[in-house]
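**Q** Sharing a structure, written as structure tokens. Questions coming.
The values are calculated or read from the model by the stated rules, or taken from the named source; none is laboratory data. Computed from a prediction, not measured in an experiment: that's the story for all the values here. As a convention, Cβ positions derive from the backbone with ideal geometry for all residues, glycine included, and neighbour counts pool all protein chains shown.
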Amino acid sequence: MSALLILFVMASAAWTILSLYLSSRQIDAVSRHRDHVPADFTATVTIGEHHKAADYTMARERLSTIESIVDFALALAWVLGGINLLYAATAAVIPASLWRGVVFLIGTAVVGNAIGLPFAVYKAFILEQKFGFNRTNVKTFVLDRLKGWAISLVVSIPLLLACLWAMRGFAGLWWLWTWFGLLALMIAAPTVYVRLIAPRFNTFTPLSDEALRARIERLLERSGFRSSGLFTMDASKRTAHGNAFFIGFGKTKRIVLFDTLLQSSTPDEIEAVIAHELGHFRHRHVIFGLARGALMALGGLAAFGWLCKQAWLLPAFGIPFHDDALSLFVCILLFSVIGPLLAPASNWISRRNEFQADDYARLSVGAGPMISALTRLARDNASTLTPDPLYALVHYSHPSVPLRVKHLRSSEGVA
Ligand SMILES: [Zn+2]
């Protein structure tokens, strides 16, 4: 075993152990507070709802610990012979060409998907079902998967072909060209998603509630926001979880409300949710997020470019073949152990953005409706109100609802 391979296995093991430790802390914190609704919520959350949130959070966390262990086993299986096995099998069918590389890389994704499938089935039909969130049926589930895979193939085959072609043709600077391609994809993605992909999964209908529409339009006008439409999405086809999102840039910006949100919330709360999303736009979080993502992709690809040039890379992983696709896959594996180092920083930025958006909502519609909307979302989605602080620091992309409510109250000067 080479030093690099030993380092890789140790780093993967360390992340898995850390993630199991954090999960156990989270389960412990939730279970310890299971019988007490936090003081700020005694008037709005019943003990039954609090129990449900605790049990749901713990059930999901237990599942994710099994997933972490399976992910670790898969990473081990890849580096301890799996890569060679899959590559030799691909090489037996496809002669040396760019296509062999593409098929090999897609093969690695197929293996990952196949292993993730039982978890997805369990999540939808057992876990979500048990807590009353599942609305999907076998037919929708199977169709979703097939459509998702078809779209992934349509997007990834040309991208992989172009990337492998650039690796061969532009030798030293292939990573820069790949980055340009990726950048174009990142910029086009929201529009493509809204126009071509999302409609294959859900039906979008213009918001029909006239009073609510007029109210939201007044809010948009006050904030100087132009959108190309207010839509509702039939999320209830799959789930009972409620949500709302803004998507797209410039003229194609759309506001989408889940029908599940509309069914459960008051107009005040819906207005607050939209004001919060407007806050993200006002503070340019979407553009900054995109710029951050593009910079990180540039850094990552530059590192890929350097690594792929090193003659020791493949031998260090015991790979006797020569193919750029293999170097690329090894880089992806290596980055899977570096990624967790960056996640807490990006989550920290994301949580700061959430507070800014909450402040924007407070100034537009007042703290009251925002607090009430957050409480309802936490209640309807069975989110825990008592997370472990360390777990939240590492994993949460949104501050916990109690922290957000506290922040809104203190900014408003309400005790
Ligand atoms: Zn937000």
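**Q** If we keep just the residues of segment 345-355 that are within 9 Å of the ligand (Cβ to nearest atom) and not acidic (Asp, Glu), which is surrounded by the fewest Cβ atoms within 10 Å (Cβ to Cβ)?
**A** Ser350
**Q** I've got another one for you. Limited to segment 155-205, what total is found for residues that are under 30 Å from Thr136 (Cα atoms) and not in a helix (DSSP H, G or I)?
**A** 4
For every residue, the table says whether it meets (1) within 27 Å of Leu278 (Cβ to Cβ); (2) loosely packed, with under 15 Cβ neighbours inside 10 Å; (3) not basic (Lys, Arg).
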site	(1), (2), (3)
Trp165	no, no, yes
Gly169	no, yes, yes
Ile187	yes, yes, yes
Tyr193	yes, yes, yes
Asn202	yes, no, yes
Ala211	yes, yes, yes
Arg218	yes, yes, no
Arg226	yes, yes, no
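**Q** Tell me, please, whether a residue that is within 16 Å of the ligand (Cβ to nearest atom), part of a helix (DSSP H, G or I) and either acidic (Asp, Glu) or modelled with pLDDT of 90 or more (or both) can be found in segment 324-344.
**A** No, because not a single residue in segment 324-344 is within 16 Å of the ligand (Cβ to nearest atom), part of a helix (DSSP H, G or I) and either acidic (Asp, Glu) or modelled with pLDDT of 90 or more (or both).
**Q** Among all residue pairs at least 6 apart or on different chains, which show Cβ distances below 6 Å where the first residue, located in segment 193-219, is under 15 Å from Phe245 (Cα atoms) and the second is at pLDDT 85 or above and in a helix (DSSP H, G or I)?
**A** Once the first residue is under 15 Å from Phe245 (Cα atoms) and sits in segment 193-219, its partners that are at pLDDT 85 or above and in a helix (DSSP H, G or I) give Leu207/Arg213; Ile216/Ile274.
**Q** Let me ask another. Return yes when Asp388 is at pLDDT 95 or above and under 28 Å from Ala59 (Cα atoms) and no when it is not.
**A** Spelling it out, Asp388 is indeed at pLDDT 95 or above and under 28 Å from Ala59 (Cα atoms).
**Q** Here's another thing I want to ask about it. Search segment 127-154 for residues that are part of a helix (DSSP H, G or I) and pair each with any residue that is small (Gly, Ala, Ser) and at pLDDT 90 or above when their beta-carbon atoms are under 9 Å apart and the residues are at least 6 apart or on different chains.
**A** So the pair list comes out as Leu127/Ala59; Lys130/Ala59; Phe141/Ala120; Phe141/Ala124; Arg145/Ala120; Ser152/Ala109.
**Q** A follow-up question, please. Only one residue in Thr260, Thr239 is more than 16 Å from the ligand (Cβ to nearest atom), at pLDDT below 90 and touching a His at 6+ places or on another chain (Cβ under 8 Å). Which one?
**A** Sole residue among the options that is more than 16 Å from the ligand (Cβ to nearest atom), at pLDDT below 90 and touching a His at 6+ places or on another chain (Cβ under 8 Å): Thr260.
**Q** Considering only segment 384-401, how many residues are in contact (Cβ under 8 Å) with a residue 12 or more places away in the chain, among the hydrophobic types (A, V, I, L, M, F, W, C) and in a helix (DSSP H, G or I)?
**A** 4
**Q** Can you name the number of the only condition in (1) surrounded by 15 or more Cβ atoms within 10 Å (Cβ to Cβ); (2) away from the ligand (no atom under 16 Å from the Cβ); (3) modelled with pLDDT of 90 or more that Ile270 fails?
**A** (2)
**Q** With respect to Ile157, determine if the residue is surrounded by fewer than 16 Cβ atoms within 10 Å (Cβ to Cβ), within 21 Å of Gly181 (Cα to Cα) and without any contact (Cβ under 8 Å) to a residue 60 or more places away in the chain.
**A** Yes: the conditions hold for Ile157.
**Q** Contact list please: Cβ distance under 6 Å, first residue in segment 333-356 and touching a residue at least 12 places away in the same chain (Cβ under 8 Å), second residue of a type outside the set (Asp, Glu) and in a helix (DSSP H, G or I), pairs at least six apart or on different chains.
**A** Val337/Ala11; Val337/Ser12; Pro340/Trp15; Pro344/Val394; Asn353/His285; Phe355/His407
**Q** Are there any pairs with C-beta distances below 6 angstrom linking a residue in segment 56-85 that is within 26 Å of Ala382 (Cα to Cα) and touching a residue at least 24 places away in the same chain (Cβ under 8 Å) to a residue that is buried (at least 18 other Cβ atoms within 10 Å of the Cβ) and among the small types (Gly, Ala, Ser), with the two at least 6 apart or on different chains, and if so which?
**A** Tyr56/Ala382; Glu61/Ser23; Thr65/Ser23; Ser68/Ser19
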